[in-house]
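A.B. asks: I'd like to ask some things about the structure below.
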Amino acid sequence: MLTDDLKQTIQGAYSEFLNSKELKARYGQKLMIAEIAKTLGNIHLDEENVRDSEGHVCVVEAGTGTGKTVAYLLAALPIAKALGKKLVVSTATVALQEQVIYKDIPEVLRHSGLHFTVSLAKGRGRYLCLSKLDKLLTEVEDSRDPNQALYEDELPQVGEETVKIYDSMVQALASNQWDGDRDAWEDTIDDEDWQRITTDHRQCTGRRCANVSACSFLKARDNLSNTDCIVTNHDLVLADLALGGGAILPAPEDSIYVFDEGHHLPDKALNHFAHHSRLISTIKWLEQSHKQLSNLMGIISGAGNIDRFAEQLPAATLDAKQELDKVIAPFQALADGIDPTDHTPRHRFEHGIVSPEIQEASLHIKRAFDRLAELLGKIVSEINEAMEDAHCPVPKVDLENAYPVFGTWQARAEGNRDLWSSYALPDAEGHIPKARWFTLVEQGGNLDFEICSSPIMASHTLKYSLWDQCCGAVVTSATLTALGNFGRFQMRSGTPSDSHYQVVPSPFDFAQAGTIQVPAQATDAGNASEHTYMVTDTLPELLDEAAGSLVLFSSKRQMWDVYDALPGDWQELVLMQGDKSKQALLDAHKQRIDKGQGSVIFGLASFAEGVDLPGDYCTHVVIAKIPFAVPDDPVEASLSEWIETRGGNPFMEITVPDAAIRLVQACGRLLRTESDTGTISLLDRRIVTRRYGKAILNSLPPFTQKIS
C-alpha cells in the first residue's frame, strides 16, 4: 500500500533533487513519478512475502527530455525497499546502461537525500576467465618449446600482438589496475580475441575453480545479494528467466523490474527463444569429436563413473550423425529451388508447416540428441563431483581443463535437441505458430544449411516467465505506442490487461522548435529508381552545406546510389555509415561542426535510434522514405500469415504501426534538448497520398507541418 510515509519520502526526494540542482519541476516527469508510485504502491504481499495482487505492471511512454531515469528511480526505489524487494533496472544498450550506472544514479544519490546501494550485473561473457587465460598462455609458451610442442592441429592460433594483450591483462590484474571486466579494459579488443578468454555457464566450473578467489564474475555477482538496486540489460534478464529465474539475478518474485528502452524487450525475447543450427557443420563436429574424446579420456579416465558414460558416447554421436545424414536429402531438394545469388538465399516453411518426411526425420534426430545431451550431462556431473573428491586419482587441473569441453558439447547437443524438437512437434491447433526456415550459408567454401525456428511473438513466454512471476514491473521508452495506442506493444509483449498505461508529455515545444515538411519535389518511394533520382537532386537544394545534417535511408543500396550520384563537393561533406565505426563517424561529424564546417551523415536504421546530436550537431533530419520493414524477414512473414488466417490485415495491423514507430524514432533525432530547433524533411509522397499516410503523420510529435 502507498502509505503517507512513502508518499512523503518520494515527494521529498523529488523536491530535494530539484532544489539541489536548481531545476524546475517538469509536468511529464511528475506525472510519471505519480503513475509508477500508484502502480507499485498498490502491490500487496502475502504472509510469505509473495505478491498476491494484480495490476502490478506500469507501462509509461515518455519522450526525450522527460527525465525518465530520475522519475523511475525516485518512485521505485523507496517502494522496493519498503517491500523488501530488489530494484532491477534493465536497459537494451550498453550506452544507456553506462549512463544509468555512472551518471544518473550518482546524481540521484547526490541530490535526492535517498540512500541506497547499487551494483552492475553483466553476464559471464563480459568478464575474463582467468583459468582460460592461464591455460592459453601456458599452451603458447609450450608451443615455443620444442621439447613441449603440441600436435600441430592443437597449437593455439594466437598472434604475437594478441599474446602481448593477454600478458598485459595478467599484469593489470596482478597490480589491481583492472577488474577483469571487458568494458573496463582501456583499449578495444576484437571479439575473436575476447572469446578465447571468457566463458559461459556451461564451461564455468564455478566455486570449484582453482581461480575462484580471483574470479571477476563471481566477485561482481557476490555483490548482488547485498545491494538495493541492480543495473543490468535485457539479455541477462531473459537469460536468467530461461534458467527458471533467480539463477543469475534475484528471483522474479523478489524483484521489481524497470525496463528502460522497453520497446526492445519483445524483439530481444524473440531472439533469445529462437533456435538455430548448421546442419553440415554439426555433422562434421560429431565426426571429429571421437578424436578429442579419445584424447580427453586418456587424461581423465578413472574419475568417478566417467568411463561408464564415456564409453557410450561414440555410439550416441554416431547415431546423431546418421540421423542428421538422413535429413540432408529433403533439405537439399528444397534448396534446389533457391537462387543461391539471392541477397539472403532461404526457404521459409509456409505457416510453419514442414513436410511429413522432415517432421519424422526431425523426431529421430531429436531423440538422438536427447540421448547425447543426457550422456554429456552425466559426464559433466561426474567431473563436478570428482573435482570435490580429495581422493580422486585424476589431478584437479586436468578435470578443470576437461570440464569446459564437455560443457560446450552438452550445450551444443541441447541446442540441437531443442531445434529439432521444434521441427518434430507440430504447433497445437489454435496456438500461435512458430516460424521455421533455413538459410543457405557458405562454410569453408561449401554450402551449409542453417536450420532455424522462432516464436513469431514473445507474448506467451514473457507473460508466463516474467509478468506473472515478478513482484512488479515498469516498462518505459519514448516509443511504446503506435498510431496513438499501446495495442502493438501489448500484442508483442504480453503485458497483462490490467496493467497501467500512460503517455506523459514531453517538455519540448515541438510546434515552436521544429517543422516537418514534405517538399514539393517528394515522389512516391514505391518507384525505387525515380525516387533515388529525386533524392539525389533534392538533397543539395534542401541542406545547408555549412550546417549539421542527418540523412536516413531504409536501403543501403539507395544510400550508396545517392552518394555516388552527388556532385563531388557534396560528397566531401558526407560521412557515410560503413566507412567508419558508428562512434568514429559521430566523432568526426562533431569535430567538423566544432570547427565551423558543414557535415552530413548518411545512415541507415541504426542511426535512427540512440544517436544523440544536440544543438548545431543536427539542425536538419532528412528521411528518404517511410521506414517499412524489409518484406523478406521470415519471422515477420510468418506473423503476417498468421494474422491473415485470423481474418486480419497484416499491412494495417503490423507493417504500418511498425513503420510509424520507426518514423517517430527517426524524428526523435532532431530535438535532443529544450533549446534545439530544426527541420525534418520526409521525401516520400506516400505520407500524403496513401490511406495510411495520414494516420502515420498524426502519430508523429506535434511539429509544425508544411505539406507541399
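A.B. asks: Would you please put 349-356, 679-686 in order of how densely packed they are, using the mean number of other Cβ atoms within 10 angstrom per residue and starting with the highest?
C.D. replies: 679-686, 349-356
A.B. asks: May I ask you to list the trypsin sites (Lys or Arg not before Pro) in the stretch 568-638 that are in a DSSP loop and have at most 16 other Cβ atoms within 10 Å of their Cβ?
C.D. replies: The qualifying sites are LYS580, LYS595.
A.B. asks: Report Rg(Cα)/(2.2 N^0.38 Å) for the stretch 623-676, keeping two decimals. Before the final figure, lay out each step's value.
C.D. replies: Working: Rg = 14.7 Å, N = 54, 2.2 N^0.38 = 10.0 Å.
Compared with the compact-globule rule of thumb, the stretch 623-676 sits at 1.47.
A.B. asks: Can you tell me the Rg and Dmax of the stretch 323-380, counting just the alpha carbons, in angstroms?
C.D. replies: In Å, with Rg to one decimal and Dmax whole: 15.1, 45.
A.B. asks: Still on this structure, I have one more. Three principal axis extents, largest first, for the C-alpha atoms of the stretch 457-540, in Å?
C.D. replies: Ordered largest first, the stretch 457-540 gives principal extents of 56, 34, 17 Å.
A.B. asks: For the stretch 24-39, just list the computed ³J(HN,Hα) in residue order, Karplus coefficients 6.51, -1.76 and 1.60, θ = phi - 60°, integers in Hz, with x standing in for Gly and Pro.
C.D. replies: Taking θ as phi minus 60°, the curve returns 9, 5, 9, 4, x, 5, 4, 5, 5, 4, 5, 5, 5, 4, 5, 5 Hz for the stretch 24-39.
A.B. asks: Could you derive backbone 3J(HN,Hα) for the stretch 570-586 from the dihedral phi with the Karplus parameters 6.51, -1.76 and 1.60 (θ = phi - 60°), listing whole Hz in sequence and x where the residue is Gly or Pro?
C.D. replies: 6, 4, 5, 7, 8, 10, 10, 3, x, 6, 9, 5, 4, 5, 5, 5, 5
A.B. asks: If packing is taken as the mean number of other Cβ atoms within 10 Å per residue, what is the order of 442-453, 208-219, highest first? Don't skip to the answer; put the middle values down first.
C.D. replies: Values: 442-453: 15.4, 208-219: 16.9.
Going from most to least packed, we get 208-219, 442-453.
A.B. asks: Continuing with the same structure: Where only protein heavy atoms count, and the probe is 1.4 Å, what is the accessible area per residue for the stretch 444-603 in Å²?
C.D. replies: That works out to 42 Å² per residue.
A.B. asks: Run the accessible area of the stretch 303-346 with a 1.4 Å probe and give the carbon-and-sulfur part as a rounded percent.
C.D. replies: On the way: 1190 of 2360 Å².
For the stretch 303-346, the apolar C and S fraction of the accessible surface comes to 50 percent.
A.B. asks: Please report how far the C-alpha centroid of the stretch 527-576 lies from that of the stretch 126-144, rounded to the nearest whole angstrom.
C.D. replies: Comparing the Cα centres of the stretch 527-576 and the stretch 126-144, I get a distance of 49 Å.
A.B. asks: Quick one: if the Förster radius is 51 Å, what FRET efficiency do ASN446 and PHE651 give, using the C-beta to C-beta distance and rounding to 0.05?
C.D. replies: It comes to 0.85.
A.B. asks: Using a 1.4 angstrom probe on heavy atoms only, work out the carbon and sulfur share of the accessible area of the stretch 8-89 in %.
C.D. replies: Whole-percent figure for carbon plus sulfur exposure: 46.
A.B. asks: Here's something else I'd like to know. Check which residues have an amide H placed less than 5 Å from VAL475's amide H, if you skip close sequence neighbours.
C.D. replies: Here CYS58, VAL59, VAL60, PHE259 satisfy the definition.
A.B. asks: How many percent of all Cα-Cα pairs in the stretch 298-426 sit more than 22 Å apart?
C.D. replies: Tail fraction, whole percent: 49.
A.B. asks: If you wrap a convex hull around the Cα atoms of the stretch 155-259, how much volume per residue is inside, in Å³?
C.D. replies: Enclosed volume per residue, from the Cα hull, is 152 Å³.
A.B. asks: Please give the per residue accessible area of the stretch 1-103, computed with a probe of 1.4 Å over protein heavy atoms only, in Å².
C.D. replies: Per-residue value: 46 Å².
A.B. asks: Okay, next question. Where in the stretch 27-55 does the label zone of ALA251 land, with the point 7 angstrom along Cα→C-beta and an amide N cut-off under 20 Å?
C.D. replies: From the stretch 27-55, the list is 43-54.
A.B. asks: The stretch 229-364: Rg/Rh from Cα coordinates, Kirkwood Rh?
C.D. replies: Ratio of gyration radius to Kirkwood radius for the stretch 229-364: 1.09.
A.B. asks: A follow-up question, please. Take the Cα atoms of the stretch 669-708, build their convex hull, and give its volume per residue in Å³.
C.D. replies: 80 Å³
A.B. asks: If you fit an axis through the alpha-carbon atoms of helix 4-21 and take the longest principal axis of the Cα set of the chain, what angle between them do you get, 0 to 90°, nearest 10?
C.D. replies: 70 degrees
A.B. asks: Report the charge-dipole magnitude of the chain in Debye, nearest 20, computed about the Cα centre from +1 at each Lys and Arg Cβ and -1 at each Asp and Glu Cβ.
C.D. replies: Approximately 1640 debye in magnitude.
A.B. asks: While we're on this one: What order, most packed first, do the peptides 195-206, 485-496 have when packing is the mean number of other Cβ atoms within 10 Å of each residue?
C.D. replies: Descending mean neighbour count gives 485-496, 195-206.
A.B. asks: Which Cα, out of GLN571, ILE601, GLY484, lies furthest along the positive dipole direction of the stretch 477-613 (beta carbon charges, K/R +1, D/E -1)?
C.D. replies: Toward the positive end, the furthest listed residue is GLY484.
A.B. asks: When the helices in the chain are scored as -39500 (n - 2.57) per DSSP H run of 4 or longer and the sum is shared across all residues, what 222 nm value do you end up with, to the nearest 500 deg cm²/dmol?
C.D. replies: -14500 deg cm²/dmol
A.B. asks: Tell me the carbon and sulfur percent of the accessible area for the stretch 372-518, rounded to whole percent, probe radius 1.4 Å. Please list the in-between numbers first.
C.D. replies: Working: 2790 of 5770 Å².
About 48 percent, which is the carbon plus sulfur part of the accessible surface.
A.B. asks: Before anything else, pin down the relative contact order of the chain: Cα pairs under 8 Å, at least 6 apart, normalised by residue count, whole percent.
C.D. replies: Relative CO of the chain lands at 17 percent.
A.B. asks: Of all the Cα-Cα pairs you can form in the stretch 287-361, what percent are over 20 Å apart?
C.D. replies: The calculated P(r) of the stretch 287-361 puts 55 percent of pairs beyond 20 Å.
A.B. asks: Here is a follow-up. Give me the Kirkwood hydrodynamic radius of the stretch 36-118 in Å, from all C-alpha pairs, to one decimal place? Mind dumping the intermediate values first?
C.D. replies: On the way: mean 1/r = 0.0707 Å⁻¹.
Taking the inverse mean of 1/r over all distinct Cα pairs, the stretch 36-118 comes out at 14.1 Å.
A.B. asks: Measure off 7 Å from each Cα along the Cα-to-Cβ vector at SER301 and LYS556, then give the distance between these two points in nanometres to one decimal.
C.D. replies: If labels sit at SER301 and LYS556, their model points lie 5.1 nm apart.
A.B. asks: Please list, or write none, the lysines whose alpha carbon is within less than 16 Å of the alpha carbon of LYS284, excluding same-chain residues fewer than 8 places away.
C.D. replies: Within reach: LYS321, LYS326.
A.B. asks: Mind putting together the pair-distance distribution for the stretch 235-298? All Cα pairs, 5 Å bins, whole percent per bin, short to long.
C.D. replies: Spelled out per bin, shortest first, that is 4, 13, 16, 14, 11, 9, 13, 9, 8, 4, 0.
A.B. asks: Then there's this: Just need the relative contact order of the stretch 606-708 here, percent rounded to a whole number, with Cα pairs under 8 Å and 6+ apart. List each step's numbers first, then the result.
C.D. replies: Details: 112 pairs, mean separation 42.4, N = 103.
Rounded, it is 41 percent for the stretch 606-708.
A.B. asks: Something else now. Over what distance in Å are the Cα centres of the stretch 235-294 and the stretch 393-459 separated?
C.D. replies: Result: 11 Å between the Cα centres.
A.B. asks: Just grab the label-to-label distance for ASP193 and THR117, each label 7 Å out from Cα along the Cβ direction, in nm (one decimal).
C.D. replies: 3.6 nm
A.B. asks: Mind jotting down the distance between the C-alpha centroids of the stretch 97-125 and the stretch 180-223, whole Å?
C.D. replies: Here the two parts' Cα centres lie 22 Å apart.
A.B. asks: Right, here's the next one. Work out, in µm²/s and without decimals, the Stokes-Einstein translational diffusion coefficient of the chain at 20 °C, 1.002 mPa s, Rh from Kirkwood over C-alpha pairs.
C.D. replies: The calculation lands on 75 µm²/s.
A.B. asks: How big is the Cα convex hull of the stretch 607-708 in projection, averaged over all directions, in nm²? Working shown, then result.
C.D. replies: Values: hull surface 29.6 nm².
It is 7.4 nm².
A.B. asks: Could you tell me the extents of the stretch 499-593's C-alpha atoms along the three principal axes, largest first, rounded to whole Å?
C.D. replies: Principal axes ranked by extent give 51, 35, 30 Å for the Cα atoms.
The values are calculated or read from the model by the stated rules, or taken from the named source; none is laboratory data. What you are looking at is a predicted structure, and each value in this text was computed from that prediction instead of being measured. Here Cβ is always computed from backbone atoms with ideal geometry, including for glycine, and neighbour counts include all displayed protein chains. What goes into the accessible areas is simple: the full protein's heavy atoms, side chains included, and nothing from ligands, DNA or RNA. Shrake-Rupley method; radii C 1.70, N 1.55, O 1.52, S 1.80 Å.
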